[in-house]
Amino acid sequence: MTQDLIYSVCGIALFGIGLYGLIIVPHILQKILAVNIMGVGVFMLLVAAGHNPGGVSDPVPHAMVLTGIVVAVAGTALALSLVCRIGELQRDGADEEAAP
Amino acid sequence: MNGLQLQTLLPWLVALPLLAAVATVLLQRLWLCRWLSVALSAAQLALALTVLLLLPEQSDSAARRYALGGWGAPLGIDLYIDGFAALLLATTAAVGFLLSIYSGAYFNEADKAARFWPLWWLLMVALNGIFLAADAFNIYVTLEILGLSAVALVALQGSLPALQAALRYLLVGLLGSLCYLLGVALLYRAYGTLDLAQLALQAQAEPLSWAALGLITVGLLLKTALLPLHFWLPPAHSSAPAPVSAALSGLVVKASFYLLARFWLETLDTAATAGGLQMLGALGAAAVLLGSLQAIRARRLKLLVAYSTVAQLGYLFLLFPLAAPLAAGPGIAGAALDAVAYFIIAHACAKAAMFLAAGNIQRAAGHDDIERLQGIARRLPLSLLAFGVAGASLIGLPPSGGFIAKWLLLDTAIDSGQWWWAAVAIGGGLLAAVYVFRVLNLAFAGSSSTADALRMRRLRLPKTLSVSAFALALMTVLLGFNALWVLDLLDIGAPLSYLAGETP
Amino acid sequence: MFHKLDGAKLPLGLRLICSAAIAALTAVLIAIVILSGPAAPGLQAEVAAQLARSGVDNPVTAVLLNFRSYDTLLEVAVLLVVAVATMPAPGRRLRPALAPTGDMVLIGLIDLVVPVVVVVGAYLLWVGAYAPGGAFQAGALLAGAGVLVSITGRFQFSFGALPARAILALGLLTFTVTAAAVALQTGVFFQYPTAAAGVLILFIEAAATISIAATLVLLYGSLVPPAREQESGP
Amino acid sequence: MDSGFLIDLVLAAGVLILAWLSLVATNLFKAIVLFISLGLLVTVVWVRLGAVDVAIAEAAIGAGLTGALLLAAWRRLWSQRRPVRDASGGDDSGGDNVS
C-alpha cells in the first residue's frame with residue numbers, strides 16, 4: 001500500500017462515517033459535524049489523488065480543497081445560525097406555554 | 001467591425017448579477033435597490049435574449065466556448081453554451097425579471113428587503129453559472145452558492161416552520177453537494193481533468209466512472225428532489241416567501257436537472273447504462289403519480305403547489321429512457337430533449353405564476369387553508385385567473401405551453417415504442433386536473449364567510465402583485481402559441497452537442 | 001418530534017438497514033479505488049509550464065488566483081451569501097463575545113497578541129505569492145484577531161451599518177471589477193497582463209483578505225449568545 | 001520509508017477513530033472537542049501529503065474557526081444551566097445528558 005492509497009481509503013471511510021452520522025445520529029449538532037467529516041473525507045481523497053511521492057504534487061487539488069474548506073465553513077456557519085434561531089424560537093414558545 | 005461576438009457576452013451573464021449583488025449590499029435606500037434590481041433584471045433579460053438570438057450563427061462548438069483567463073481547459077475554466085443552456089438562461093432571465101418586479105412590491109419590511117436583494121442576485125449568479133458551466137469543480141462551487149442562497153431565502157420568512165424547513169434543506173443540499181464532489185474527485189483521480197468536454201472524451205465504461213456517475217447522480221437527485229429523495233421539498237418550497245417559492249420551484253430545481261441531463265447524456269454517456277436510464281424514468285413516473293396524489297390530499301394551498309412540483313419534476317425524468325442513445329436513434333433522442341426542454345420552460349412559467357397567485361391569496365386572506373378559500377375569486381379575480389391559467393398548463397390543456405410539451409412527450413413516447421411513458425403523462429394530467437379544479441371549484445363557487453371577507457377588505461393587495469402573477473400565466477399561453485419558434489431555436493442551437501453528432 | 005432540534009431516533013430496523021447500506025457503499029467505493037490502480041497524472045505539468053506567466057511563484061496561489069480564479073471569485077461570493085444571511089438587522093449591533101470583561105490581565109494579553117496576529121496575517125498574505133499562505137489563511141488569522149478584540153468588549157462591530165457592509169462586499173467588488181477591467185486591456189475576463197499579474201493578484205488578495213476576515217468575525221459574532229441573556233439569567 | 005508508512009497508518013487510524021468518537025459521543029461538548037482534535041490531526045495529514053497550504057487553512061479555518069463557531073453555538077443553546085421547562089423531553093436535554 002502506498003501513501004496515497006492509505007489516505008484515499010481513509011478519505012472514503014471518513015465519508016462513510018460522516019454519512020452514517022448524518023443519517024443515523026439524531027442530534028442536529030452532530031449531524032453538522034457529520035457533514036464536515038464527510039467533507040474532510042472528500043478533501044483527503046482529492047489531495048491523495050494529487051500526491052506525487054518524490055515529485056511535485058499537483059497543486060490543482062490543493063486549490064480545490066482550499067476552496068472546499070472555505071465553502072464548508074460557510075455552510076456550517078449558516079447551519080449553526082439557523083439552529084440557534086430555531087432553538088431560541090422553540091425556547092420562547094416553550095416559555096410562553098409554561099408562563100400562564 | 002466584426003459585430004457582436006457571442007462569446008464575449010457569456011462572462012457578463014455571471015458578472016452582471018455579481019455586480020448587482022454587490023450594489024444591493026451597498027445601497028442603503030431600499031427603493032433604490034428595488035428599482036436598480038428591476039432595471040438590471042431587464043438588462044439581464046436583454047443579454048440572455050441577445051445570446052439566444054446570436055446562438056444560431058455559431059454552429060462551431062469552439063465559438064460557443066469562452067476560456068476565462070485565456071488559459072483554456074484543462075488548466076483554466078471554460079464557459080460553454082449550447083441551445084439547451086441558452087433556452088434555460090433566457091427562461092431564468094425572463095421569469096427572474098417578473099419575479100423581481102413582484103418581489104419589489106412583496107417585501108415591505110426593511111430588514112427582509114435589505115437581505116432579499118443581495119441573496120436574490122447571488123441566486124441568479126449561481127443559476128447562470130450552472131447553465132454556462134463547463135468544469136466539474138466549478139459546478140460544485142456554483143451549486144453551493146445556489147444551495148446556500150436558496151436556504152437563506154427560505155429562512156427570510158423567519159417563522160419556525162420556515163427555519164426548520166430551511167435547515168433540513170441546507171443539510172440535504174450539503175449532502176448532495178458532497179456526494180457530487182466525491183464523484184468529481186473520483187473522476188479527477190481517474191482522468192486527471194475537470195473539464196466536462198475532456199472528461200467526455202476520456203471517460204470509459206469502467207467501475208470508477210460508474211461509481212462517479214452514481215455519486216454525482218445521487219447528489220443531483222437529492223437537489224432535484226426526485227421521488228424517494230423529495231421529502232425536503234414540500235416544506236421548504238411551501239414555507240418560503242412567495243417569490244422565493246416561485247424561483248425555487250420554477251428555476252432552482254431545474255438547474256440540478258440540467259446537470260443530470262448533461263452528465264448522463266453527454267459527459268459520462270459512456271458510463272451510462274440502459275438499466276440506469278430506465279430506472280430514472282421509472283422513478284420519474286412514480287413521482288408523477290405519487291406527487292399528484294399528495295397534492296390532491298394537501299390541506300394548504302402552497303403545500304398543494306409544492307407537491308405539484310414534485311409531480312411535474314417527474315415528467316422531466318422521462319427524458320432519460322426516451323433519449324437513451326441505445327434504444328433510440330438520434331432523431332427520437334432530439335425529440336425527447338425538445339419535449340423536456342419545453343416542459344421545463346412551460347413549468348417554470350406556470351409554477352412561478354401559481355406560487356405568486358398562492359402568495360397573493362395567502363397575503364389577502366391571511367391564510368392558505370384550502371377549505372376556507374370559498375369564494376375568494378370574487379376578491380382576487382386576477383390572481384385566481386392566473387392560478388387557473390397556470391393550472392391549465394400543468395394539466396396540459398390547450399392553448400398552453402404545457403399542452404405543447406405534453407403533446408411532444410406523447411409523440412416521442414409512441415415513436416420510440418415505449419407507450420407506457422405516454423400512459424404516465426396522461427394519467428398525471430388527469431390527476432393534475434383533480435387538484436387544480438379542487439381549488440378553482442372552491443374559489444369560484446360559494447360566498448366567502450363574513451369574517452374572512454372583513455379581514456380582506458382591510459388588506460388591500462398592491463396591483464403589482466396580481467399583475468405580475470398574471471403576466472407569468474400569460475407567458476405560458478404565449479408559449480402555447482409560439483411553439484415552433486421556440487423549438488427552432490432549440491434545434492438550431494445544437495442542444496446537447498452529442499445529438500448533433502459533433503465531439504464536444 | 002417535529003419541533004425538536006434533535007430529530008427522533010430512527011427505528012432500530014431502519015437504523016440497521018441504513019448502517020448496512022452505508023457500510024456496503026463504503027466498502028464498494030474502497031474496493032473500486034484500490035482496484036483502479038494509481039491516480040492519473042494530474043495537472044502539475046500544465047501548471048509548471050505556465051507558472052512563469054501567472055505572476056506568482058507559489059503554484060497553489062497561481063491556481064487559485066490566476067488559472068482557476070473564477071472558482072475563487074465564486075467562493076468569495078459564497079462567503080457574501082452567508083454574511084448577508086447572518087448579519088444583524090440595520091441598526092442592531094452584535095454584542096461582544098463576553099460581556100465587557102474587567103479582567104485586566106486578559107485585556108493586556110490581548111493587547112499584546114492582536115498586533116502580532118495582524119502582522120503575521122499580513123505576512124501570510126504577502127508570502128502567499130512565494131510560499132504556502134494567501135488570502136484565506138491570512139483572513140482567518142485576522143478574523144482571530146477581530147474575535148479577540150470583540151472579546152474585550154471595548155469595540156463593537158455594527159455589521160448592519162454601511163461601512164461594515166462595504167467591508168463585507170469589498171472583496172467581491174474588487175475581484176469582479178478587476179476581472180472585468182483586465183478584459184479591457186487583454187480582451188478576456190480574468191486574463192491579467194503578465195507584467196502586472198503579480199500586483200493585481202496581491203491587490204485582489206488584499207481586498208479579499210479584509211472581506212474574509214470581516215465575514216468570519218461576523219459569523220462568529222452572530223453565533224455568540226447575546227450578552228443580555230447572561231446578565232438576566234437566574 | 002518504513003517508519004513513514006507506519007506513521008501514515010497510525011495517522012489514518014487516528015483520524016477515523018476521532019471521527020467515529022465525535023459522532024457517537026453522547027456529550028455534545030466532548031463531541032466538539034473531538035472534532036477539533038480531528039481537524040488538528042488532519043492538518044498533520046495534509047503536511048504528510050505535502051499540502052502545506054491546505055494544512056495552514058485547515059488549522060486556521062477547518063479546526064480553529066469551525067471549532068469556535070461550534071463552541072459558540074453550543075454555549076448559546078446547550079450549555080445553559082437554565083432548567084428546561086418543556087415537559088415533553090425538550091430540545092435542550094437531548095445531547096447534553098452526560099451519561
Criterion first (surrounded by fewer than 24 Cβ atoms within 10 Å (Cβ to Cβ), within 24 Å of the chain's Cα centre (by Cα) and part of a helix (DSSP H, G or I)) does B:ALA357 satisfy it? no
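Would you be able to say whether some residue in segment B:91-100 is without any contact (Cβ under 8 Å) to a residue 60 or more places away in the chain and either in the same structural domain as B:ALA469 (by TED's automatic domain parsing) or in contact with a strand residue (DSSP E or B) (Cβ under 9 Å, 6 or more places away or on another chain) (or both)?
Of all residues in segment B:91-100, those without any contact (Cβ under 8 Å) to a residue 60 or more places away in the chain come to B:93, B:97.
Subsequent filtering for residues that are either in the same structural domain as B:ALA469 (by TED's automatic domain parsing) or in contact with a strand residue (DSSP E or B) (Cβ under 9 Å, 6 or more places away or on another chain) (or both) retains none.
Within segment B:91-100, not a single residue is without any contact (Cβ under 8 Å) to a residue 60 or more places away in the chain and either in the same structural domain as B:ALA469 (by TED's automatic domain parsing) or in contact with a strand residue (DSSP E or B) (Cβ under 9 Å, 6 or more places away or on another chain) (or both).
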All but one of (1) more than 7 Å from every other protein chain (Cβ to nearest Cβ); (2) closer than 18 Å to A:ILE6 by Cα; (3) buried (at least 24 other Cβ atoms within 10 Å of the Cβ) hold for A:PRO53; state the number of the condition that does not hold. (3)
Go through segment D:38-52 and give me each residue that's assigned to a helix (DSSP H, G or I) and in contact with a Ser or Thr (Cβ under 8 Å, 6 or more places away or on another chain). D:LEU38, D:GLY39
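Does segment D:48-60 include one or more residues that are of a type in the set (D, E, K, R), free of Cβ contacts under 8 Å to residues at least 12 places away in the same chain, surrounded by fewer than 23 Cβ atoms within 10 Å (Cβ to Cβ) and more than 7 Å from every other protein chain (Cβ to nearest Cβ)? Walk me through how you get there before you give the answer.
First, the residues of segment D:48-60 that are of a type in the set (D, E, K, R): D:48, D:53, D:58.
Still in the running and free of Cβ contacts under 8 Å to residues at least 12 places away in the same chain: D:53.
Cutting the leftovers down to surrounded by fewer than 23 Cβ atoms within 10 Å (Cβ to Cβ) gives us none.
The answer is no; no qualifying residue exists.
From the list B:ILE404, B:ILE414, pick out the single residue that is part of a helix (DSSP H, G or I) and over 22 Å from the mean Cα position of the chain (by Cα). Full working, then the answer.
Details: B:ILE404 fails: over 22 Å from the mean Cα position of the chain (by Cα).
Matching residue, one of B:ILE404, B:ILE414: B:ILE414.
Every residue, every condition in (1) touching a Phe, Trp or Tyr at 6+ places or on another chain (Cβ under 8 Å); (2) more than 28 Å from A:HIS27 (Cα to Cα); (3) among the basic types (Lys, Arg), yes or no:
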position	(1), (2), (3)
C:PRO11	no, no, no
C:ARG15	no, no, yes
C:ILE22	yes, no, no
C:THR26	yes, no, no
C:SER36	no, yes, no
C:GLN44	no, yes, no
Counted residues in segment B:199-227 being hydroxyl-bearing (Ser, Thr, Tyr) and under 11 Å from B:LEU187 (Cα atoms) come to 1
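Here is a yes/no grid of residues against (1) out of contact with any Leu (no Cβ under 7 Å at 6 or more places or on another chain); (2) of a type in the set (Phe, Trp, Tyr); (3) at pLDDT 90 or above; (4) in a helix (DSSP H, G or I):
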| position | (1), (2), (3), (4) |
| --- | --- |
| B:ALA422 | no, no, yes, yes |
| B:ILE426 | yes, no, yes, yes |
| B:VAL436 | no, no, yes, yes |
| B:ALA443 | no, no, no, yes |
| B:SER447 | yes, no, no, no |
| B:LEU454 | yes, no, no, yes |
| B:LEU472 | no, no, yes, yes |
| B:LEU487 | yes, no, no, yes |
Among residues of segment B:145-171 being over 18 Å from the mean Cα position of the chain (by Cα), more than 7 Å from every other protein chain (Cβ to nearest Cβ) and in a helix (DSSP H, G or I), the residue farthest from B:LEU260 (Cα to Cα) is B:PRO161
Just name the residue that is surrounded by the fewest Cβ atoms within 10 Å (Cβ to Cβ) out of those in segment B:106-144 that are without any contact (Cβ under 8 Å) to a residue 40 or more places away in the chain and outside any helix (DSSP H, G or I). B:ASN108
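Run down B:LEU199, B:LEU186, B:LEU178 and say which single residue is within 30 Å of C:ILE32 (Cβ to Cβ), buried (at least 24 other Cβ atoms within 10 Å of the Cβ) and modelled with pLDDT under 95.
Details: B:LEU186 fails: modelled with pLDDT under 95; B:LEU178 fails: modelled with pLDDT under 95.
Just a single option satisfies the conditions, and that option is B:LEU199.
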Condition check: surrounded by 24 or more Cβ atoms within 10 Å (Cβ to Cβ) and facing chain C (nearest Cβ under 10 Å). Does A:GLY39 satisfy that? no
For the subset of segment A:50-64 comprising residues that are touching a Gly at 6+ places or on another chain (Cβ under 7 Å) and not in a loop (DSSP other than H, G, I, E, B), which member is modelled with the lowest pLDDT? A:GLY50
For residues in segment C:43-80 being closer than 11 Å to C:GLY198 by Cα and surrounded by fewer than 20 Cβ atoms within 10 Å (Cβ to Cβ), which is nearest to the chain's Cα centre (by Cα)? C:ASP57
Could you look through segment C:46-75, keep only residues that are within 10 Å of chain B (Cβ to nearest Cβ) and not in a helix (DSSP H, G or I), and pick out the one that is modelled with the highest pLDDT? C:ARG68
Go through segment B:26-46 and give me each residue that's of a type outside the set (S, T, N, Q) and over 26 Å from the mean Cα position of the chain (by Cα). B:LEU26, B:LEU27, B:ARG29, B:LEU30, B:TRP31, B:LEU32
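Just wondering, is there one or more residues in segment B:98-119 that are closer than 16 Å to C:ALA77 by Cβ and among the polar types (S, T, N, Q)? Can you show your working first?
Step one: of segment B:98-119, the residues closer than 16 Å to C:ALA77 by Cβ are B:115, B:117-119.
This time we only want the ones that are among the polar types (S, T, N, Q), so: none.
Checked segment B:98-119: no residue is closer than 16 Å to C:ALA77 by Cβ and among the polar types (S, T, N, Q).
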Which one of these does C:VAL78 not meet: (1) of a type in the set (A, V, I, L, M, F, W, C); (2) in a helix (DSSP H, G or I); (3) at pLDDT below 95? (3)
State all residues of segment B:172-186 that are out of contact with any Phe, Trp or Tyr (no Cβ under 9 Å at 6 or more places or on another chain) and facing chain C (nearest Cβ under 10 Å); if no residue qualifies, say none. B:LEU186
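The values are calculated or read from the model by the stated rules, or taken from the named source; none is laboratory data. Keep in mind that what you see is a predicted model, and the values were worked out from it rather than measured. Cβ sites come from the backbone with ideal geometry, for glycine too, and all protein chains shown count toward neighbours.
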